[in-house]
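Down below is the structure, laid out as structure tokens.
The values are calculated or read from the model by the stated rules, or taken from the named source; none is laboratory data. All values reported here derive from a predicted model rather than from experimental measurement. Backbone-built Cβ (ideal geometry, glycine too); neighbour counts: all protein chains shown.
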Amino acid sequence: MTAILLGIFIAVAILVFGRNLPWLQNFRWFLAIPVLLVFFLFSMVKIVSPGYVGVLILFGKIHGTITEGLHLVNPLVTMEIMSVRTQEIMERAEVPSQEGLNVGLEVSCLYHLLPQEAARVYQQIGPRYQEVVVKPQFRAAIRGVTVRHEARALYTSGRELVASEIFKDLSGDLKARGIMVESILLRRMQLPKAIEDAINAKLAADQEAQRMRFILDKEKLEADRKRIEAQGIQDFQRIVSLGISDHYLRWKGIEATEQLAKSNNAKIVIIGGRDGLPLILNTGPEGTQR
């Protein structure tokens, strides 16, 4: 619309002032009409940058939207550009917990305008929808979540719980208005110092108790291992004492003597005992006395 008005103004100026210029009098119509056509065609071209949509308005009424790229539209249409890129708002607040304690939160919300809802959002809310809708709803969702939980629960199970509940409450409200919530990021949570110290002390005590339980379990396992090992040694000694007899030892002595006799190496064998066996293999009482 602005380009057309500018073209009309220039064309009229050429026609009016051209009458007083001798060299332009005969050509002013040939010059004014092309100028008007150029501005008319220029006003038909609308370019939308990536990440934006254009809301078309004709005589105060919404006539749809156009996406990114080059478009030819009614030259009388005006266009309002609205971003559909991901945007972020951050909120720092002191909000009450269920028992009335103030909890310090720093929360971010990532969201974007739904392209197909841009015309409705512009018509019902306007281009400043972040200040009009998103921020107030975000603050209300934060307060609504924290007031449902005790401060201790927020601190111990806190970040995932708070972020997920804020996302659930906020996404439902904003989606109905044409805005999509992508994620909620809980950057900081601060409890009153006395409560935080008490919780940290309890967590430290729980960790120490778990460590002591681990040590006790380890010692019990070590005691069981030693007991099983001792039982195995005892069983082995009993089996050996029952299974090795004097007859068996004499037989092994005879085998050793035979092996020595067959060997070609020079050797000295000390014979002793009543069985005439090598002294080291003598198991009789006479060998022991010697």
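Determine whether the stretch 107-120 contains at least one residue that is exposed (fewer than 14 other Cβ atoms within 10 Å of the Cβ), at pLDDT below 90 and not basic (Lys, Arg). The answer is no, given that none of the residues of the stretch 107-120 is exposed (fewer than 14 other Cβ atoms within 10 Å of the Cβ), at pLDDT below 90 and not basic (Lys, Arg).
Total residues in the stretch 65-79 satisfying the condition of being part of a strand (DSSP E or B) and in contact with a helix residue (DSSP H, G or I) (Cβ under 6 Å, 6 or more places away or on another chain): the figure is 2. Arg128 meets each of the listed conditions (1) loosely packed, with under 15 Cβ neighbours inside 10 Å; (2) touching a Leu at 6+ places or on another chain (Cβ under 9 Å) apart from (2). Selection within the stretch 51-63: residues that are within 38 Å of the chain's Cα centre (by Cα) and within 18 Å of Arg120 (Cβ to Cβ). The member of this set that is surrounded by the fewest Cβ atoms within 10 Å (Cβ to Cβ) is Tyr52. Taken together, Leu174, Leu170, Leu186, Leu161 contain a single residue that is assigned to a strand (DSSP E or B) and of a type outside the set (Gly, Ala, Ser), which is Leu186. Residues of the stretch 66-83 that are crowded, with 16+ Cβ neighbours inside 10 Å and either over 14 Å from Val121 (Cα atoms) or in contact with a Gly (Cβ under 6 Å, 6 or more places away or on another chain) (or both): Ile66, Val73, Pro75, Val77, Thr78, Met79. Confirm whether Val145 is out of contact with any Lys or Arg (no Cβ under 8 Å at 6 or more places or on another chain), among the aliphatic types (A, V, I, L, M) and free of Cβ contacts under 8 Å to residues at least 40 places away in the same chain. Yes, satisfied. Answer yes or no: is there a residue in the stretch 67-89 that is in contact (Cβ under 8 Å) with a residue 60 or more places away in the chain and under 30 Å from Glu165 (Cα atoms). Taking every residue of the stretch 67-89 in turn, at least one turns out to be in contact (Cβ under 8 Å) with a residue 60 or more places away in the chain and under 30 Å from Glu165 (Cα atoms). Against the definition (among the aromatic types (Phe, Trp, Tyr), modelled with pLDDT under 90 and more than 57 Å from the chain's Cα centre (by Cα)), how does Phe39 come out, yes or no? When the stated conditions are applied, Phe39 does not pass them.
For the stretch 88-109, enumerate the residues that are in a strand (DSSP E or B) and touching a helix residue (DSSP H, G or I) at 6+ places or on another chain (Cβ under 7 Å).
Matches in the stretch 88-109: Ile89, Glu91, Ala93, Val95, Pro96, Val103, Leu105, Val107, Cys109.
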